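Some notes on the structure that comes next.
Coordinate-derived values only; no laboratory data. These figures come from a predicted structure and were not determined experimentally. Don't worry about glycine lacking a Cβ; one is built from the backbone with ideal geometry, like all the others, and counts go over all protein chains shown.
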Amino acid sequence: MSNFVLNKGVTNNTVVTVGERSQLLNPYYLISFTNKFSTDTTVCSLQASVSNDRYDLFEITETTNPDNTSGEVLLMAGEWSYKIYESTTQTLDPNETTGRVLQRGLIIVK
């Protein structure tokens with residue numbers, strides 16, 4: 001489990017450790033965000049901008065007009081949980097991934 005902060009209106013560098021659990025070469029990652037209070041869910045799909053033996057760096061942009069296939073999301077301020085899945089193709093549907101949750105955690109959006 002990993003916890004981090006996303007700032008609204010900017011590109012956030014987010015470090016996770018999913019590559020070591022991945023079973024695919026050059027996977028796409030789907031991140032599913034669920035609000036802790038309203039249970040609203042949103043997703044984004046992206047590839048790691050840096051991936052090595054120690055960590056994977058994702059650039060997640062919080063924006064009012066997101067392209068969810070480019071690592072962009074619209075999240076209201078507050079607490080969210082997340083799950084990261086892997087896929088051979090870019091998708092916004094968790095059912096089209098391998099189904100394995102590589103990492104989960106909590107985030108604060110401010």
* To do: State whether one or more residues within region 25-44 are exposed (fewer than 14 other Cβ atoms within 10 Å of the Cβ) and of a type in the set (Phe, Trp, Tyr).
  => yes
* To do: Report, by residue number, each residue of region 58-93 that is in a strand (DSSP E or B) and hydrophobic (A, V, I, L, M, F, W, C).
  => PHE58, ILE60, VAL73, TRP80, ILE84
* Asked: Somewhere in region 90-105, is a residue under 10 Å from the mean Cα position of the chain (by Cα), over 25 Å from GLN23 (Cβ atoms), surrounded by 13 or more Cβ atoms within 10 Å (Cβ to Cβ) and touching a residue at least 24 places away in the same chain (Cβ under 8 Å)?
  -> no
* Structure fact -> Selection over region 18-47 where residues are over 10 Å from the mean Cα position of the chain (by Cα), in contact (Cβ under 8 Å) with a residue 24 or more places away in the chain and within 13 Å of SER87 (Cα to Cα) yields a count of 8
* Asked: Restricting attention to region 13-28, does a residue exist that is of a type in the set (S, T, N, Q), out of contact with any His (no Cβ under 6 Å at 6 or more places or on another chain) and closer than 20 Å to GLU72 by Cβ?
  -> yes
